[in-house]
Amino acid sequence: MKVRDIELVEKKALEVRKDIVQMICKAKSGHPGGSLSAADIVTALYFSE
């Protein structure tokens, strides 16, 4: 993976984290720990495959 690709994945993972927090706040329910910790892995797999 190139540095540019890594920067893109990091940026996308941050966007995913923001979306997770917004959805949990809107639902007024949830457990953010697991979702937030998996954001990097899921984002890397999604955008690299």
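The values are calculated or read from the model by the stated rules, or taken from the named source; none is laboratory data. What you see is a predicted model; the values in this text were computed from it and never measured. All Cβ positions, even for glycine, are placed from backbone atoms using ideal geometry, and neighbour counts span all protein chains on display. The accessibility values were calculated without ligands, DNA or RNA, using every heavy atom of the protein model including side chains. Shrake-Rupley method; radii C 1.70, N 1.55, O 1.52, S 1.80 Å.
Just the number please: accessible area per residue for the chain, 1.4 Å probe, all protein chains included, in Å². All intermediate terms of the calculation are to be shown ahead of the outcome.
Working: 4210 Å² over 49 residues.
Dividing the accessible area of the chain by its residue count gives 86 Å².
Quick one: helix 3-27 against the long Cα principal axis of the chain, what's the angle to the nearest 10°, folded into 0 to 90?
Its long axis makes an angle of about 10 degrees.
Once Rh is set to the Kirkwood radius over Cα pairs, what Stokes-Einstein translational diffusion coefficient, in µm²/s, holds for the chain at a temperature of 10 °C and a viscosity of 1.306 mPa s?
Values: Rh = 11.3 Å.
It diffuses with D of about 140 µm²/s by this estimate.
Can you give me the % of accessible surface on the chain that is carbon or sulfur? Probe 1.4 Å, all protein chains present, nothing else counted. Don't skip to the end; give the middle numbers.
Numbers: 2550 of 4210 Å².
Carbon plus sulfur share of accessible area: 61 percent.
According to a simple spin-label model (label point 7 Å from Cα along Cα-to-Cβ), what is the distance in nm between SER48 and ASP5?
0.8
Can you pull out the trypsin sites (Lys or Arg not before Pro) in the range 1-47 whose DSSP state is coil and whose Cβ has at most 15 other Cβ atoms within 10 Å?
Details: sites: LYS2, ARG4, LYS11, LYS12, ARG17, LYS18, LYS26, LYS28; in loops: LYS2, LYS28.
For trypsin sites (Lys or Arg not before Pro) across the range 1-47 that sit outside H, G, I, E and B with at most 15 neighbouring Cβ atoms in 10 Å, the list reads LYS2, LYS28.
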